[in-house]
Amino acid sequence: ARNVSSGARVFDTQIAGVTECSPEEAEALKVASANLGPSENPDEEEKEDSIRGPVRSAAGQLAGFITSSINHAKMQLNDKELAVDKVYLSGGGARVRGLVEYLSGALKMPVEMLDPFRNREQLADYMAENDLGPHRGVRALGAYLASEQEAGRVLADIDPEAAAFLLVAACFLR
């Protein structure tokens, strides 16, 4: 996977350039009015149309960034036949109305918003059924600490499993 982190800034830069406003004002305009599709609200149509050109230009640049990333991957992997099945968008800029449809057409492949929590319940069930998850590492660490305790290198009054949980938790709190 390759990250195109500048995506939303491209929209802000294009909007600011055309409207001669500050980056903060461009961001607010993007959030409120950026739309690559047909207007859904007649009251907002004029505002959407006023920035439609720069929004379309930025979307084209974003499509170019994505195409460039795919070509870069093909070169790096030395695989000219590499196929990308789908592009996932994330972040605030990905919420520009009509962007998913625009990019899907421009890239000629499916594009969708990344939702890392969509299959959370299925993943939790799969992990439980297959005994997967961070507890396995805690168990292994606990077993190691218990063997070290038996060898006299860990104090006898320490609970190896509790110590393992605390050690793993401390790693996440750094």
Residue list for segment 9-49, restricted to those being exposed (fewer than 13 other Cβ atoms within 10 Å of the Cβ) and within 16 Å of Arg95 (Cα to Cα): Ala32, Pro38, Glu40
Yes/no for Val138 being in contact with a helix residue (DSSP H, G or I) (Cβ under 6 Å, 6 or more places away or on another chain) and not in a helix (DSSP H, G or I): no
Residue in segment 50-67 that is hydrophobic (A, V, I, L, M, F, W, C), in a loop (DSSP other than H, G, I, E, B) and open to solvent by 40 Å² or more (accessible area, probe 1.4 Å) present: no
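Within segment 69-85, count every residue that is in a loop (DSSP other than H, G, I, E, B) and not hydrophobic (A, V, I, L, M, F, W, C). Break it down stepwise before answering.
Of segment 69-85, the ones in a loop (DSSP other than H, G, I, E, B) are 78-85.
Checking which are not hydrophobic (A, V, I, L, M, F, W, C) leaves us with 78-81, 85.
Residues meeting the conditions: 5.
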Single match in Ala156, Ala146 (criterion: touching a helix residue (DSSP H, G or I) at 6+ places or on another chain (Cβ under 8 Å), more than 30 Å from Leu36 (Cβ to Cβ), among the small types (Gly, Ala, Ser) and touching a residue at least 12 places away in the same chain (Cβ under 8 Å)): Ala146
Residue selected from segment 140-174 under the condition of a type outside the set (A, V, I, L, M) and within 31 Å of the chain's Cα centre (by Cα), by the criterion surrounded by the fewest Cβ atoms within 10 Å (Cβ to Cβ): Arg174
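From the list Asn3, Asn71, Asn78, which one is modelled with pLDDT under 90, of a type in the set (S, T, N, Q) and open to solvent by 20 Å² or more (accessible area, probe 1.4 Å)?
Asn3
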Test: Gly92 is modelled with pLDDT under 90 and open to solvent by 50 Å² or more (accessible area, probe 1.4 Å): yes
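Condition check ((1) of a type outside the set (D, E, K, R); (2) under 30 Å from Gly60 (Cβ atoms); (3) modelled with pLDDT under 90) across all residues:
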position: Tyr102; (1), (2), (3): yes, yes, no
position: Gly105; (1), (2), (3): yes, yes, no
position: Lys108; (1), (2), (3): no, yes, no
position: Asp115; (1), (2), (3): no, yes, yes
position: Tyr126; (1), (2), (3): yes, no, yes
position: Asp131; (1), (2), (3): no, no, yes
position: Arg136; (1), (2), (3): no, no, yes
position: Gly142; (1), (2), (3): yes, no, no
Contacts under 8 angstrom Cβ, first residue in segment 99-128 being in contact (Cβ under 8 Å) with a residue 24 or more places away in the chain and open to solvent by less than 90 Å² (accessible area, probe 1.4 Å), partner of a type in the set (Asp, Glu) and in a loop (DSSP other than H, G, I, E, B), 6 or more apart: Met109/Asp85; Pro110/Asp85
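The values are calculated or read from the model by the stated rules, or taken from the named source; none is laboratory data. Owing to the predicted nature of the structure, the values given are computational and were not obtained by experimental measurement. Don't worry about glycine lacking a Cβ; one is built from the backbone with ideal geometry, like all the others, and counts go over all protein chains shown. Accessible surface areas use protein heavy atoms only, side chains included; no ligands, DNA or RNA. Shrake-Rupley method; radii C 1.70, N 1.55, O 1.52, S 1.80 Å.
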